[in-house]
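Take a look at the structure set out below.
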Amino acid sequence: MKDVKGLPLTGTIAFRLGVLGATANAAVAERFEKHALTLKHVGLLAVLDEGGGASQQEIAQRMRVAPSLVVTLADQLAELGAIVRERDPRDRRRQVLSLTGDGRALLKSCVAAAHAVDAELTAALTREQREGLRTALRILAGDNGFPVPEESRA
């Protein structure tokens, strides 16, 4: 069935992003699993890397997840030695999470895995097309309220 623009469901951006997102999600999740991590674990590591130490409540807001999930993820990452929890000296009720050296190494490995998935997913694109896609996705992410850090060109 086509809409007024003549596009079938499978031709819509939303559908294609959903299908490709699921494909990318599965590919990167498989690689993170080798480190006993999920996408949410790596997301937490990335949030800490981008913003330094942060409270569990702040992280939950940035990740758009329940604070209880951040507590669970943080417990698991602390067991792996990837993060540490420390009491905030200004507010003893607040715990601040920070990456350890092991956590940074783990994140570096996961970033490399994500880049490998990027290369596989975009192998049919030219360099200009890949950059255009990266730019479009950055704009869409920012427009939809997701934090969008500045990127270096690779």
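Things worth noting here:
- Peptides 58-68, 41-51 ordered by average Cβ neighbours within 10 Å, highest first: 41-51, 58-68
- Taking only protein heavy atoms and a 1.4 Å probe, the accessible area of the chain is 57% carbon and sulfur.
- Angle between the chain longest axis and helix 67-79 axis [Cα atoms, degrees, rounded to 10]: 70
- Helix 101-121 vs. the chain, principal-axis angle (Cα, 0 to 90°, nearest 10): 0
- For the listed peptides 96-107, 16-27, a ranking on the average number of other beta carbons within 10 Å per residue, highest first, reads 96-107, 16-27.
- Derived value for the chain: Kirkwood hydrodynamic radius 17.5 Å. Basis is the mean of 1/r over every pair of different alpha-carbon atoms.
- Once the Cα-Cα distance is subtracted from the 0.36 nm per residue extended length, the A116 to V84 segment shows a gain of 8.7 nm.
- Rounded tilt (10° steps) of 13-33 against the dominant C-alpha axis of the chain: 40
- Residues whose amide H falls under 5 Å from that of I83, counting only those 5 or more places apart or on a different chain, are A78, T100, with hydrogens built in the peptide plane.
- In this structure the chain gives 67 Å² per residue of accessible area when probed at 1.4 Å with all protein chains present.
- Amide H contacts for S55 (H built 1.01 Å from N in the peptide plane; partners 5 or more residues away or on another chain; cut-off under 5 Å): L97.
The values are calculated or read from the model by the stated rules, or taken from the named source; none is laboratory data. For clarity, every value in this text was computed on a predicted model and none was experimentally measured. Please note: Cβ atoms are built from the backbone with ideal geometry, for glycine as well, and neighbour counts cover all protein chains shown. Side chains are part of the model used for accessible areas, which takes the heavy atoms of the whole protein and leaves out ligands, DNA and RNA. Shrake-Rupley method; radii C 1.70, N 1.55, O 1.52, S 1.80 Å.
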